[in-house]
1. Could you count how many Lys pairs in the stretch C:111-249 have their Cα atoms under 29 Å apart, skipping same-chain pairs fewer than 8 positions apart?
2. So for the stretch B:5-95, averaging the separation of alpha carbon pairs under 8 Å that are six or more residues apart and normalising by length, what relative contact order in percent results?
3. Roughly how crowded by other chains is peptide A:17-30, in terms of the mean Cβ count from those chains within 10 Å of each of its Cβ atoms?
4. What angle, in degrees between 0 and 90 and rounded to the nearest 10, separates the Cα long axis of helix B:29-54 from the longest principal axis of the Cα atoms of chain B?
5. Can you compute the FRET efficiency between C:L54 and A:I30 using 1/(1 + (r/R0)^6), with r the Cβ-Cβ distance and R0 = 60 Å? Round to the nearest 0.05.
6. Which whole number gives the average, over all residues in C:125-131, of C-beta atoms from other chains lying within 10 Å of the residue C-beta?
7. Given the peptides C:26-33, C:128-135, arrange them by the average over their residues of other C-beta atoms within 10 Å, most packed first.
8. Tell me which DSSP H helices of chain A clear both cut-offs, 20 Å or more of axial length from alpha-carbon atoms and a mean Kyte-Doolittle hydropathy of at least -1.0.
Amino acid sequence: MLLEVIIFITLALIAAVSAILVVTRSNPVISALFLILNFGALAGIYLLLNAQFIAVAQVIVYAGAIMVLFLFVIMLLRPENEKKIFSSNPLIKTLAFVIGGVVFIQLIYLIFIVRPSESQSPEVAQSIQAGTVEKIGTLLFTEYILPFEAAGFLLLAATIGALVLAKKKFE
Amino acid sequence: MHIQIEYYLILSAFMFIVGVVGVLTRRNAIVVFMSIELMLNSANLTMVAFSSYLGNAVGQLFVFFVMAVAAAEAAVGLAIIIALFRNKLTINIDELNILKW
Amino acid sequence: MFNNIQEFYNMLPMIIIGAGILVSIVIEMYSRKSEELIAWFSVFIFIAAAIYSLLTVNSTSIILQGMLATGGNVNILYFIFNFGAAIVTLLSLDYIKKYGTYYGEYYILLQSSVLGMMFMAGAKDLFMIFLGLELMSICFYALAGINRKRLNANEASLKYFLLGAFATGFVVYGIALIFGTAQTTSIDLIVAKFQELSGNLLFIAGILLFVIGFSFKIAAFPFHMWVPDVYQGSATTIAGLFSTGGKAAAFSALIVTVGAIFSSTIGNLFEPYLIVISVFSMLIGSIVAIAQEDIKRMLAYSSISHAGYMIIGFAAGNSEGLAGIIFYLAAYTFMNLGAFGIIALIEGKDETNLSIKSYAGLSHRNPLLAALLSVFMFSLAGIPPFAGFFGKYYIFIAAIKAELTWLAILGVVSSAISVYFYLRIVVLMYFKDAEFEISLEKSNTGLFAVIVSALLVIALGVAPGSVINLISSFF
């Protein structure tokens with residue numbers, strides 16, 4: 001039990017700190033690397049939550065494929081380090097922080113007032129069962145077959161869109 | 001499952017807000033997009049936490065679809081950013097003269 | 001997948017479009033004249049899906065393990081999307097040569113976005129709403145910047161993409177909270193459980209985040225600032241599609257979720273929030289539009305104020321309000337597409353002739369276009385006997401029934417303000433002389449599409465009763 005708590009606190013701290021570092025670094029490459037760290041920590045948290053399939057997909061798809069694409073584009077464009085990384089408009093800045101703070105406090109308030117844990121009695125066996133590839137695959141190809149097909153069209157459209165935007169020859 | 005679900009939800013709410021603040025304040029289009037990925041991931045964390053505590057695999061299935069969508073968005077979004085960079089040689093959204101937000 | 005053949009027939013409009021996308025890709029690969037071929041093929045599948053969905057409007061069912069609803073208002077919305085997309089395709093045939101994107105991929109993206117809209121309108125599960133929304137949005141991001149040589153298009157698509165993805169973040173977080181508290185993503189089950197869930201603040205927060213995310217897509221206050229820039233920067237036909245199909249799809253998703261929830265027993269929880277966004281959308285849209293010199297920007301602000309009128313229907317929260325929204329969407333789609341179509345016809349090479357001044361004296365040079373544009377402007381302003389008037393009328397009646405008379409009065413005031421900038425164009429066309437000559441390129445298909453939408457606007461205005469009765473019978 002103690003081990004689980006220690007692992008959770010470590011991973012949560014890594015995720016939180018790396019999230020802050022993503023938005024405060026001036027060099028986009030470093031931001032992207034911290035984002036990968038954040039995704040890795042989340043994958044660990046998913047394992048703690050018995051979500052094996054999602055944890056693996058997180059590492060392969062997010063930290064692997066998507067972030068490689070990001071890094072590739074950043075390297076390709078080589079944007080110079082920004083001197084002023086935040087918006088020069090002080091109004092937007094204060095507004096963003098005020099909105100962020102208020103919403104965060106509200107969410108914490110909601111979470112502690114509503115206390116979702118009281119209405120939910122976690123059964124470890126059921127939770128482990130829910131996270132397996134078998135269970136997710138069964139759902140994917142029976143009940144959720146239409147969303148699966150829709151995701152296929154989505155990826156097809158994204159491929160065509162990206163090709164047109166980046167590759168098509170113009171006169 | 002000794003950790004209460006509230007702690008997962010707080011971590012996810014925190015990451016969501018960091019993402020929102022990043023989108024609103026940063027000026028580099030790629031970093032703005034990375035902040036959006038952070039928001040999507042915090043929603044994923046909420047989903048997985050609920051899914052696991054409810055023993056309901058539907059939430060994890062949703063996360064799977066969010067990943068597919070994020071990959072598609074990354075492909076199109078980065079293509080748009082490259083197209084802009086080729087024309088304008090900048091990806092700073094303050095320097096876009098029709099962008100007034 | 002299907003339990004019986006009837007389910008397959010009920011889903012046929014969606015299958016036509018889905019198969020059409022795949023066939024179009026094959027045509028694009030093997031045909032030399034693919035641009036023209038795909039365009040006509042798209043018109044064919046759009047019209048086929050539109051007519052088929054209108055013919056099967058009575059076969060209501062819920063298919064594919066509770067994922068998709070068919071028949072009823074879903075089919076009416078399918079008709080709006082597909083017929084609108086057919087008009088956009090006809091307009092695009094000559095326009096995209098002018099704009100410099102004479103490619104088959106343009107039409108494939110158009111078809112995919114329509115498929116996304118159909119997923120959203122028919123959704124019975126939050127999965128389908130999310131995936132449909134993303135399918136539509138990703139096609140729109142690509143379509144907005146499809147000519148990557150144009151800086152305007154680049155900026156418009158980047159702005160649309162960043163704000164759209166930002167809104168998606170809100171939608172996903174909202175769905176996560178809804179799933180966590182309701183323990184399901186099926187909309188019917190959520191509506192059934194709504195009584196006990198309405199006390200759960202996390203659930204309410206989830207719905208609020210969901211609505212906030214969608215108010216970006218319907219271009220309502222406070223997420224309206226992208227609208228003018230994106231409409232101005234992207235191709236005119238595409239801007240027409242954003243403002244009609246995209247908006248109609250987002251509204252239909254709100255109807256199947258929020259509308260369904262409100263019409264359950266507990267009543268309208270978000271009435272104050274919806275009233276605030278509708279009032280600000282109406283007034284900001286109408287007042288700022290007066291100062292615009294670019295006609296696409298003007299129509300963008302008018303689109304914001306039209307979103308405000310439609311949200312009144314949600315604030316009223318009764319079935320009359322929802323039926324009014326669907327009627328309004330039909331009317332708005334055809335009148336706005338007609339207006340954008342005429343802009344596309346008049347627009348010269350390299351995005352010239354877009355200022356309002358270039359419409360001066362149009363009645364002498366091209367009386368037909370001037371008359372058609374007047375029809376659309378009168379309809380947008382809400383002057384009877386055109387469709388726009390009855391759209392507003394049904395929504396305001398619903399508001400009065402829900403004891404929101406002051407909101408209806410505010411809507412009337414706002415449409416009175418908007419009469420000024422719509423009629424300014426009519427006055428310019430008929431009573432001013434042209435300051436400079438503009439050369440019009442002939443486009444028979446474009447003209448045909450505009451005439452068809454004018455006829456629909458007039459038809460909806462002449463016989464609104466039968467349409468609204470058909471829509472109301474499904475609530």
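No lab work stands behind these numbers, since they all come straight from the coordinates. Just so it is clear, the model here is predicted, and its values are computed rather than measured. Using ideal geometry, Cβ is built from the backbone for each residue, glycine included, and neighbour counts are taken over all protein chains shown.
1. 11
2. Reported relative contact order: 30 percent.
3. Counting other chains' Cβ atoms within 10 Å and averaging over A:17-30 gives 5.
4. Value to nearest ten degrees: 10.
5. For C:L54 and A:I30, the calculated efficiency is 0.60.
6. Counting other chains' Cβ atoms within 10 Å and averaging over C:125-131 gives 6.
7. C:128-135, C:26-33
8. Sorted by number, the helices that extend far enough and score high enough are A:2-24, A:28-48, A:90-114, A:145-167.
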